[in-house]
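Engineer: Attaching a single structure in structure tokens format; questions to follow.
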Amino acid sequence: MRDKPQDLDEQVLIGAGEIDDEEVLARYAEAGGHTVTPAGIALHRQWWALADVAVYVDDLRRPHGDGEDAAAALTYLTGYLAAR
């Protein structure tokens with residue numbers, strides 16, 4: 001059992017750039033020992049965003065003050081929602 005999805009490493013490797021760069025995908029497959037796919041990377045990015053939204057919503061629906069943590073959670077949640 002893995003500690004994290006393999007696609008997490010793929011996202012870190014490729015970053016925010018294009019996920020269909022065949023040269024990058026081939027080098028990663030050679031170095032990592034498994035094939036990577038643009039679809040897997042895209043799925044992981046969606047999963048990551050959904051997990052972030054869930055954390056921010058959970059934080060904001062609980063009693064909280066007007067501190068920096070609540071302000072940051074609201075800012076990041078608003079950013080995710082605006083991007084969709």
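Engineer: State the number of residues belonging to the range 37-74 that are closer than 30 Å to Glu23 by Cα, assigned to a helix (DSSP H, G or I), open to solvent by 50 Å² or more (accessible area, probe 1.4 Å) and not small (Gly, Ala, Ser).
Structural biologist: Counting residues in the range 37-74 that are closer than 30 Å to Glu23 by Cα, assigned to a helix (DSSP H, G or I), open to solvent by 50 Å² or more (accessible area, probe 1.4 Å) and not small (Gly, Ala, Ser) gives 6.
Engineer: Taking Glu10 as the residue in question, decide whether it is at negative phi and at pLDDT 75 or above.
Structural biologist: Values: at negative phi: yes; at pLDDT 75 or above: no.
The answer is no for Glu10.
The values are calculated or read from the model by the stated rules, or taken from the named source; none is laboratory data. Everything numeric here is computed off the predicted structure, so don't read it as measured data. Keep in mind that these areas ignore ligands, DNA and RNA; they rest on the heavy atoms of the full protein, side chains included. Shrake-Rupley method; radii C 1.70, N 1.55, O 1.52, S 1.80 Å.
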